[in-house]
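Data first, discussion second: the structure below is written as structure tokens.
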Amino acid sequence: MTLFRIQGVEVRHDPDEFSTDLGKNVTELTKYESSLSPQQEQFQLVIIGGLSGRLDQTIHTLHALTQLVEKEGREKVWAVGKESAACILTKVSFANLGTWLDVFRETGRSTVWY
């Protein structure tokens with residue numbers, strides 16, 4: 001934590017033992033977005049990790065993506081791992097998929113097929 005504080009990152013402790021770190025961060029993001037002007041569109045949420053390693057963590061990440069899209073109405077939510085990326089496609093997101101994938105093309109290190 002000290003490394004982050006030295007670099008000027010605000011570090012908060014949330015004692016809630018019944019929420020995951022991912023859930024806590026999404027809650028904070030939602031609070032921040034609600035403080036912005038109504039014309040501001042939602043941020044694109046990119047979850048780094050959670051797609052490799054333990055199967056239960058991968059399933060949780062995919063479930064979280066589904067919940068964020070279907071229950072919270074988010075349109076641009078990604079989970080990105082070392083070898084894969086995942087998103088939930090809706091009619092709106094599918095129509096804009098090419099534009100959203102440009103984020104990954106700009107890295108110059110990966111190939112995106114769609």
Please specify each residue of the range 47-68 satisfying the condition of being among the hydrophobic types (A, V, I, L, M, F, W, C) and in contact with a helix residue (DSSP H, G or I) (Cβ under 8 Å, 6 or more places away or on another chain).
I47, L51, A64, L68
When the range 10-46 is checked residue by residue, the ones that are aliphatic (A, V, I, L, M), at pLDDT 85 or above and either surrounded by fewer than 10 Cβ atoms within 10 Å (Cβ to Cβ) or farther than 20 Å from T61 by Cα (or both) are L36
I'm told T20 meets every condition in (1) more than 25 Å from M1 (Cα to Cα); (2) touching a residue at least 24 places away in the same chain (Cβ under 8 Å) except one. Can you identify the failing condition by its number?
(1)
Selected residue (criterion: nearest to K31 (Cα to Cα)) from residues of the range 47-86 that are surrounded by fewer than 18 Cβ atoms within 10 Å (Cβ to Cβ) and among the charged types (D, E, K, R):
E72
Tally, over the range 18-70, of residues that are in a helix (DSSP H, G or I) and not aliphatic (A, V, I, L, M):
20
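The values are calculated or read from the model by the stated rules, or taken from the named source; none is laboratory data. Bear in mind that the values here come from a model prediction, so they are computed numbers and not experimental data. Note that we place each Cβ from the backbone using ideal geometry, even for glycine, and neighbour counts take in every protein chain shown.
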